[in-house]
Structure formats: structure tokens, C-alpha cells
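Written out below as C-alpha cells is the structure these notes cover.
No lab work stands behind these numbers, since they all come straight from the coordinates. Values in this document were obtained by computation on a predicted structure and should not be read as measured data. Counting neighbours? That spans all protein chains shown, and the Cβs are built from the backbone with ideal geometry, glycine included.
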Amino acid sequence: MLTLFHYDRTSAAQRVRIYLEEKNLDWESVIVDTALGDVDQLPENFHKLNPKGLVPVIIHDDIAIPESQVIIEYLEDTFGGTPTLRPEKAKDLAQMRLWMRKIDEGIHVASRTIGVCLVNRHIYKKKDPKKIEKYYSEMKDKVRKKNDQVNIELGIESPLLEEAMIEFKLLFSEMNSYLSTHNWLAGDAYSLADISFVVYLHRLDSFMMRPLWKNMKYLDDWYDKIKSRPAYKRAIYDWGDVTADQRAKNGKNAYPKILEYWNKV
């Protein structure tokens, strides 16, 4: 049995849940909401499972594996089966991995910036300052900590938010161009690359930002195609989002500034 430490709205955990549902694997859920700014809510041994103190983490054969992209590659190596979610052709496999590198090269950090600027900062400001101080004192990722401090203070005026929106526009434009001549991100079959990136469109969509890419037809069609998959519904919509109303409200309010950043490219 697989055990997944996760929570509803984190894009990294959504990525793993999509994989698990696509493969119809049995798994046990353990909710660990690491976005609430309260380390006291973490399981006692959680930093042993992942020194960063973040989700997702899976437990399989008594081994803890963190990092969503490592997890889905591990699961594909371990369980394989149907459907195959890694291309067979070497050139398509290379393309898949080139796409997935972009996540670690900055796009996941950009995604968090949007969340902190629009929602998390408001959650943290309502909490006990001592709990928030403890939360950040135990945060191992120094870049994450430094970025959060800027984004909590400045919100939608953060220069990091401007950079994040520019990064997403460049990424989405590149994806749209590629998808104009390909069905999927790594050749002719749905793969780990598609699973890895669709969660970012969902994230921006949850902030009412889908109009930003309305003219990127191939990207938008790709998004709808994945959203229609039963596994996507089970992995994303069935888990809900406790911040959905706040995301929608704050996203609408921030949209003029977001559009200003988007149009700088």
C-alpha cells in the first residue's frame, strides 16, 4: 500500500494524485496542510520523511520519497503498467524531461509567489505572530523563506509577482507553440510532462486568470482535454479547495495588476 502525505490545493500534491488516479493505484491519504503557517500541525516525525517539511511525500515499502517529480518517476519505474506515462521513443523521452526541468528551474517558485501574494499573506496576517515566526524559523528552503517575506509584505505590488507572471507568459507561449504541432507535450501520447504542467494552469485558473491565455488556443484546448479525463476530476475537483472562495475573490481584485504584468512581455 502507498501512503501519500498531501493536502487539497497544493499543485505538487495534485500532480501526484493525478498520476495515482491515472494508474488506478490504491493509496492511503494523510492530510498535512503545510501552507497554514503552523508547524505544530505537522506530524511529529515529518521532517524525517522530508527535511524540507513539505508535501507531497509518499511512503512505499517503508521508504519515504519527497518531491513530486521524483515521486511520479519512481511510481512509473515501480508500477509501470497501463497506461504508460513515459514515452518510448528516446527523442520524446528527452522532450518530456526538458519540459519537466523547467519546474525546478523556476516555474514552481513562480507558482508559489502567486499563491502567497494573493492568499497566503492574508492567512498568515490573521494568525498568531509567534506561530508564523516559528513556521519560518523551521523552514529549510532559504529561497522560499526570503521570497515569502517579500511577498507577504508587498502583496500584488511585489516585484517577484511581476517576475512570476512574466515567467508564466513565456512558458505558456512556448507550450502553446509546441502544442500547435503536437497532441501532447512529449510527442503523441499523454505523459508525465502533461501531468506535471496542467496543475499550473489549474492554479492560475483558480485565481480567475484563465482569460490571460484566451488567445493561446492550443494551450487552452490541451487544458480542456486533460480536465475532461476522469482521473483529473478525482485528483483535483473531488478533493476541493478550502481557499477556493478567497482565491476567486482575491484573483478578481488583483486581475488588473496581473494583466499589467502579463502584458509587459
Taking alpha-carbon centroids only, region 104-156 lies from region 215-263 a number of Å equal to 21 Å
What percent does the relative contact order of region 68-191 come to when contacts are Cα pairs within less than 8 Å and at least six residues apart? 36 percent
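Among the DSSP beta bridges whose two residues both lie in the chain, what percent are antiparallel, rounded to the nearest 5?
60 percent
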Across region 65-71, in residue order, what do the Karplus-derived ³J(HN,Hα) couplings come to in whole Hz, using 6.51 cos²θ - 1.76 cosθ + 1.60 with θ = phi - 60° and x for Gly and Pro? 10, x, 6, 4, 5, 5, 4
I need the peptides 192-200, 249-257 ranked by packing, meaning the mean over residues of other C-beta atoms within 10 angstrom, with the highest value on top. 192-200, 249-257
Are there any GluC sites (Glu not before Pro) in region 61-91 that are in a DSSP loop and have at most 11 other Cβ atoms within 10 Å? List them by number. Glu88
Straight-line reach only, C-alpha to C-alpha below 16 angstrom: list the aspartates and glutamates that Lys140 could link to, leaving out same-chain residues fewer than 8 apart. Asp38, Asp40, Glu67, Asp148
Cα-Cα separations in the chain greater than 26 Å, expressed as whole percent: 41 percent
Sequence-distant residues sharing a close amide H with His60 (under 5 Å, placed H): Ile65
